[in-house]
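Worksheet for the structure shown next.
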Amino acid sequence: MSGNPETGAAEPAMAFEDVTVEIGGVPILNKVSARVPKGSVTALIGPNGAGKTMLLLALLGQVSYKGTIRVNAARIGYVPQRLDFDRGLPVTALEFLAMDRQRRPLFFGIGSSHRKRAEKSLRQVDASHLAPRRLGALSGGELQRVLLALALSQDPEILILDEPAAGVDVAGESLVCEVLSRVRRDRPMTQIIVTHDMSMVWAHATDVICLKGSVRAAGPLFILTQEVLAATFGVHMPRPGQCRVAEEPPDA
Amino acid sequence: MPDLSPLYALVSHLLPFSFMEARFMQQAMLGLLLLAPMCAAMGVQIVNFRMAFFSDAVSHSAFTGVALGLILGVSARFTMMGFGVLVGVLIIAVGRRSLLSQDAVIGVFFSAAIAFGLAIVSRDRQAARDVSRFLYGDILTIGDAEIWCLAALFVILMAFQVLAYNRMLYMGINRSLAGAHRVRVPLYQYVFAALVSIVVMFSVWAVGVFLVTALLIVPAAAGRNLARSAGGMFWWAIAIGAVSAVSGVIISAQPWAGTATGATVVLSACALFAASLVPASLRKRHAR
């Protein structure tokens with residue numbers, strides 16, 4: 001499981017070693033071992049029920065697991081697939097972003113430095129106009145942008161996105177891809193994208209981990225052959241030749 | 001213990017009603033002015049976490065706490081407080097480790113606490129009489145010592161709100177997201193559960209087991225209807241808690257009313273909640 005020559009530094013950003021997760025006695029993940037190269041955009045792919053989200057939850061410490069997960073980063077930004085929350089809660093997008101860093105309670109107002117920082121995060125995802133809106137009044141795509149702004153405001157060394165294109169229209173997906181490319185250009189960052197949207201993988205990823213209960217393949221994107229895809233998804237998936245951003249070795 | 005007379009004088013000066021000349025009314029007013037805003041502030045998080053059933057379970061465990069005190073020959077106030085905090089913390093601990101939903105876990109503890117209390121009380125008639133006092137509460141019997149305890153609790157809870165409001169709000173929106181972004185969710189959950197349990201037990205003295213949840217939930221729910229922001233919700237809840245306390249004491253003291261003070265405070269809060277529905281529905285219509 002070597003890393004991409006472009007991104008495969010000796011020290012990975014993250015390493016899973018024999019990670020096993022069982023829920024109610026049912027095995028969800030079985031001895032998952034893989035490395036996420038530092039500076040890479042690693043796509044975690046697999047069919048529904050493959051355990052992609054469960055691996056993220058283990059990584060975030062929200063389910064108990066056996067094995068080892070090594071993280072070489074002080075700050076992680078996380079964009080969940082869907083935010084289950086009480087939509088009647090009177091919290092504005094600006095407050096949502098500010099409360100993450102601000103120590104002073106929100107009932108004493110938002111400090112000017114935190115306000116500027118929150119506004120900057122919203123600008124990064126072209127969502128300045130959402131600042132005064134209630135979180136519960138945002139559409140799925142708008143909420144996704146605010147969540148991305150929140151994750152970026154962590155100044156993360158590792159950015160984790162769970163199905164960023166789910167429930168988002170074509171323009172929204174394109175915006176997410178554009179923002180991810182832009183922030184990666186602007187500062188060194190490892191991105192882990194959980195997705196089964198292969199167009200996003202081809203367009204954006206440099207590395208890939210194929211999961212189906214256990215790791216079926218892992219490494220640079222060029223390992224993603226039709227055989228690997230068939231073994232992972234159980235069906236043949238034609239590989240599109242267009243919208244490729246990352247470089248691919250000629251012999252792939 | 002420092003003399004509270006200047007505070008009582010201030011209360012009767014600010015509320016120049018004839019019934020406020022009685023010391024026990026001044027004490028009741030001061031006690032409620034400390035308790036109601038505290039409950040309202042904690043209620044903001046209880047509403048955000050959808051934990052109304054949690055406060056119900058803790059308040060009903062007061063019943064068992066009192067019975068335990070009588071059996072062990074210890075002051076019922078200590079056993080009530082200790083048992084309430086134990087139940088609150090255990091609900092969180094079991095809920096975190098179980099695959100059951102939080103309300104199912106609370107339901108189990110709720111039933112166990114009540115059944116345990118009833119089993120103890122059924123063996124002792126004296127215990128039954130003592131326990132019934134806590135079902136209805138009586139703020140008019142509050143003394144200086146209790147007011148000092150309430151004042152200390154007020155300081156602790158407001159310090160908690162200042163330190164933890166943003167983190168608690170974060171958890172109220174989504175615990176997984178808060179945890180992923182370095183909020184120490186278990187720590188805040190346990191501290192919050194213990195503090196809510198203590199507030200609930202103090203409230204049981206004032207308004208009784210049946211009305212505790214209302215004192216926590218109603219001002220916060222009304223505040224939520226009126227607020228346009230997360231910060232605003234806190235102030236609205238506190239204001240509604242304080243206004244209901246004052247109006248509840250005043251109304252209950254009127255000869256034409258002659259109602260229990262705790263119940264009247266809760267009814268005042270409910271009236272304010274009903275009024276808060278109007279701007280909430282107007283805003284909803286405007287948003288469409």
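The values are calculated or read from the model by the stated rules, or taken from the named source; none is laboratory data. Values in this document were obtained by computation on a predicted structure and should not be read as measured data. Virtual Cβ from ideal backbone geometry, glycine too; neighbours counted across all protein chains shown.
Within segment B:207-237, the set of residues being facing chain A (nearest Cβ under 9 Å) and farther than 13 Å from B:Ala274 by Cα comprises B:Ala227, B:Arg228, B:Ser229, B:Ala230, B:Gly231, B:Gly232, B:Met233, B:Phe234, B:Trp235. Filtered by the rule that a residue be in contact with a helix residue (DSSP H, G or I) (Cβ under 6 Å, 6 or more places away or on another chain) and free of Cβ contacts under 8 Å to residues at least 24 places away in the same chain, segment B:114-136 gives a lone residue, B:Ala128. State whether one or more residues within segment A:22-35 are at pLDDT 85 or above and assigned to a loop (DSSP other than H, G, I, E, B). No, segment A:22-35 contains no residue that is at pLDDT 85 or above and assigned to a loop (DSSP other than H, G, I, E, B).
Do we find a residue being of a type in the set (D, E, K, R), touching a residue at least 40 places away in the same chain (Cβ under 8 Å) and crowded, with 19+ Cβ neighbours inside 10 Å anywhere in segment B:213-234? Checked against the condition, which is being of a type in the set (D, E, K, R), touching a residue at least 40 places away in the same chain (Cβ under 8 Å) and crowded, with 19+ Cβ neighbours inside 10 Å, segment B:213-234 yields at least one hit. Residue pairs whose Cβ atoms lie under 7 Å apart, separated by 6 or more positions or on different chains, with the first residue in segment B:163-191 and touching a residue at least 24 places away in the same chain (Cβ under 8 Å) and more than 8 Å from every other protein chain (Cβ to nearest Cβ) and the second of a type in the set (D, E, K, R) and assigned to a helix (DSSP H, G or I), are B:Pro186/B:Arg96; B:Tyr188/B:Arg167. Selection of segment B:146-185 for residues being over 20 Å from A:Val79 (Cβ atoms) and at pLDDT below 90 yields only B:Glu146. Residue-level check: of (1) within 16 Å of B:Thr213 (Cβ to Cβ); (2) modelled with pLDDT under 85, B:Val66 misses just (1).
Select from segment B:253-281 the residues that are aromatic (Phe, Trp, Tyr) and under 21 Å from B:Met20 (Cβ atoms) and list them in ascending order.
Matches in segment B:253-281: B:Trp256 only.
Check segment B:139-154 and report whether any residue there is in contact with a helix residue (DSSP H, G or I) (Cβ under 9 Å, 6 or more places away or on another chain) and within 13 Å of chain A (Cβ to nearest Cβ). Among the residues of segment B:139-154, not one is in contact with a helix residue (DSSP H, G or I) (Cβ under 9 Å, 6 or more places away or on another chain) and within 13 Å of chain A (Cβ to nearest Cβ), which makes the answer no. Would you check if there is a residue in segment B:100-115 being in a helix (DSSP H, G or I), closer than 30 Å to A:Thr92 by Cβ and either touching a Lys or Arg at 6+ places or on another chain (Cβ under 6 Å) or acidic (Asp, Glu) (or both)? For segment B:100-115, residues in a helix (DSSP H, G or I), closer than 30 Å to A:Thr92 by Cβ and either touching a Lys or Arg at 6+ places or on another chain (Cβ under 6 Å) or acidic (Asp, Glu) (or both): present.
Flag set for A:Ala171, criterion: away from chain B (no Cβ under 14 Å) and assigned to a helix (DSSP H, G or I). Evaluate the following for B:Ala194: is it in a helix (DSSP H, G or I), of a type in the set (Gly, Ala, Ser), under 27 Å from B:Thr264 (Cβ atoms) and within 20 Å of the chain's Cα centre (by Cα)? For B:Ala194, the condition - in a helix (DSSP H, G or I), of a type in the set (Gly, Ala, Ser), under 27 Å from B:Thr264 (Cβ atoms) and within 20 Å of the chain's Cα centre (by Cα) - is not met. Here is a check on your reading of the model: is A:Pro12 at pLDDT 90 or above and surrounded by 21 or more Cβ atoms within 10 Å (Cβ to Cβ)? No: the conditions fail for A:Pro12.
One residue alone among A:Ala151, A:Ala131, A:Ala166, A:Ala137 is more than 22 Å from B:Gly172 (Cα to Cα) and among the small types (Gly, Ala, Ser), and that residue is A:Ala166. In this structure, B:Val87 does not satisfy being modelled with pLDDT of 85 or more, over 22 Å from the mean Cα position of the chain (by Cα) and either in a helix (DSSP H, G or I) or among the basic types (Lys, Arg) (or both).
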